[in-house]
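What follows is a short report on a single structure.
Bear in mind that the values in this text are calculations on the coordinates, not laboratory data. Source: prediction; values computed, not measured. Cβ: placed from backbone, ideal geometry, glycine included. Neighbour counts: every protein chain shown.
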Number of protein chains: 2
Amino acid sequence: MDKKLIGVDLGGTTIKFAITTENGEIQQRWSIETNILDEGSHIVPDIIESINHHLEMYEMKPEQFIGIGMGTPGTVDLEKGTVVGAYNLNWKTVQNVKEEIEKGTNIKFAVDNDANVAALGERWKGAGENADDVVFITLGTGVGGGIITNGKLVHGMGAGGEVGHMNVHPGGYLCTCGNRGCLEAYASATGVVRVARDMAEEYAGNSKLKQLTDDGEEVTSKLVFDLAKENDPLAKMVVDRVCNYLGLACANFGSILNPSAIVIGGGVSAAGQFLLDQVKNYFNEYAFPTVKSSTEIKLAQLGNEAGVIGAASLALKFKD
Amino acid sequence: MDKKLIGVDLGGTTIKFAITTENGEIQQRWSIETNILDEGSHIVPDIIESINHHLEMYEMKPEQFIGIGMGTPGTVDLEKGTVVGAYNLNWKTVQNVKEEIEKGTNIKFAVDNDANVAALGERWKGAGENADDVVFITLGTGVGGGIITNGKLVHGMGAGGEVGHMNVHPGGYLCTCGNRGCLEAYASATGVVRVARDMAEEYAGNSKLKQLTDDGEEVTSKLVFDLAKENDPLAKMVVDRVCNYLGLACANFGSILNPSAIVIGGGVSAAGQFLLDQVKNYFNEYAFPTVKSSTEIKLAQLGNEAGVIGAASLALKFKD
């Protein structure tokens, strides 16, 4: 009988689980709340208990699994299977995640950074179409992502895949990382709002976005894109600027790596084809000629499921 | 007895050969002129004859070799072992290089793009220290290079590693590729001269570089760097601008790939530590925080030998 995989997507509010086939088809899934109390010391025991409980419920044994893979916030030591500095989990000290989970479940365990794991998911079962070279960008509160070359995640010395920190405007907006001009400072949900507020200040014409900003109303990235779709002149200018930087970043990923696809996901990408078309226009302005025709810019397809599916794929390395 | 490798570095004026150990130590080397007459139809037969002639001279047999690797200009089909569009060789149609050389020498043959092959050489036996993740940038007439992640060259859909076409100044200088603002347009030997001419036009103070430019003297990239080292104020501004773009590009390679080393070679890099220090300053301004401390910017060490050594390493894939 074919063996199964377990994928775990560990987040600050919920922990998602899935049992998948070797081919990444989800067969069972469930989730639990993340208990970050007591310096996050309940998290790993909760994961172990939840897996064991569900295996019992489904009448499955550890031998039926190739392994467990998990995506986590924080800095991961891939070989040791430890995690450190995951502040939204209250993990301030080194956590021996691999050792504890293997001991608690009797199933082999692999762990990687959550953004990398989502990239693996979109590459495997989503817009990446299981190609060897895929770049994944997720536009959320921040801008994260992951890079797959020759079928493998790029970690480099540990920070590989920090796609949100490509500098697209030297000397520009201050980024959370301390530098000025990172993609994240313009194309994250908060970045879009910042661009909107700045451009509203200098804008003199008629615009609903301008009016809302002046009235002190809450402006969101979604609102900016919605107004742009309705032809609000200021919102269109904001979206154009954001897409310019995104297109530049995509062009640079393309010219360096020439992946088959650059996949854009995360909350801001909910703007869909409207966003994609404008990013593509700038990509075509900036990318190396042969890259324009061989690297495709695409929207992510898996949404929240990218995490558990990509996590499950980490365990494929235990397949013999 | 240990088997050997043959490396071939095919250029527009000379073809360099080397016999190396499995560890990349050069044991023999020689070169011949490239005969590009008759649509370059003599090149492959000349390579075959030269290899066979030298094997006879050294009393070596094909069985003593793991394989032959070659770096070539033009577009390479890695699997088929064909080359097309190598205009400085007069190769306008598809050349079945692998088929012909394997038939003519009875040794297995692998081929890749010359910039990629030089990257492999610097990574294996040069400044890359045989690490798994290395970026190589060569500043010559153009700006080329190659990217190694997880120990393998990045080809993507074929154009991976076009490091010279990272856009560092959208809307800037027109590049040979047709885009505006590529690194190549500023940091190649011709790019440096172009920056010098442009900045000389607007410069009003005392400067030998300004004077030479105004007098219509020939200005080279080397001269610009030499004058900058002598504290010529205009030359210093030119070098600062070039290093700013180079530092930005290195920071973006670093933030995306976090390699252990970004290695800078080619003619312009003859400016040495003087160039490196200024590139590092800008790298430290733009790179993601953990990348600043984990990715090192280094000068290439192998010079012209990177080509034959890297080419030889291509044949390691035939080792069983």
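Observations
- Vicinal HN-Hα couplings computed from phi for the stretch A:3-16 (Karplus, 6.51 cos²θ - 1.76 cosθ + 1.60; Hz; Gly/Pro x): 7, 10, 10, 10, x, 10, 10, 8, x, x, 10, 10, 10, 9
- q = 0.07, 0.09 Å⁻¹: log10 I(q)/I(0) that the Debye formula gives for the protein assembly as shown, counting C-alpha atoms only: -0.51, -0.81
- Placing a pseudo-label 7 Å from each Cα along the Cα-to-Cβ vector at residue B:316 and residue B:197 gives an inter-label distance of 4.3 nm.
- Fully extending the segment from residue B:141 to residue B:204, taken as 0.36 nm per residue of separation minus the present Cα-Cα distance, adds 19.8 nm.
- Around the amide H of residue A:144, modelled in the peptide plane, lie the amide H atoms of A:138, all under 5 Å away and 5 or more residues distant in sequence or on another chain.
- Axial C-alpha extent at least 27 Å, average Kyte-Doolittle at least 0.0 - helices from chain A (DSSP): A:233-257
- Here the protein assembly as shown is treated with +1 on each Lys and Arg Cβ and -1 on each Asp and Glu Cβ, and its dipole about the Cα centre works out to around 20 debye.
- Springs join every pair of Cα atoms under 10 Å in this Gaussian network model of chain A, and among A:305, A:56, A:99 the largest mean-square fluctuation is at A:56.
- Sequence-distant residues sharing a close amide H with residue B:266 (under 5 Å, placed H): B:139
- Here the label points at residue B:56 and residue A:220, each 7 Å from Cα along the C-beta direction, are separated by 8.0 nm in the simple model.
- Entry note, the stretch A:1-154: relative contact order of 18 percent, from Cα contacts under 8 Å with a spacing of 6+ residues.
- Computed from the Cβ-Cβ distance with R0 of 45 Å, the FRET efficiency linking residue A:230 to residue B:174 stands at 0.75.
- The value of relative contact order for chain A, using C-alpha pairs under 8 Å at least six residues apart, is 21 percent.
- Pairs of Cα atoms nearer than 8 Å and 6+ residues apart set the relative contact order; for the stretch A:163-254 it is 25 percent.
- Cα Rg, Dmax (largest Cα-Cα span) when computed across the stretch A:29-84, Å: 13.1, 35
- With N the number of residues in chain B, Rg(Cα) / (2.2 N^0.38 Å) evaluates to 1.05.
- Each part gets one Cα centre, and for the stretch B:59-135 versus the stretch B:223-240 those centres are 38 Å apart.
- Per-q log10 I(q)/I(0), the stretch A:143-288, q = 0.14, 0.19 Å⁻¹ (Debye; single scatterer per alpha-carbon; no solvent): -0.67, -1.15
- Candidates A:236, A:152, A:298: whichever shows maximal mean-square fluctuation once chain A is modelled as a Gaussian network with Cα springs under 10 Å: A:152
- Of A:77, A:133, B:9, B:277, the sequence from fewest to most neighbouring Cβ atoms within 10 angstrom is B:277, A:77, A:133, B:9.
- Inter-chain Cβ neighbour count for B:144-157, averaged per residue, equals 6 (cutoff 10 Å, partner chain atoms only).
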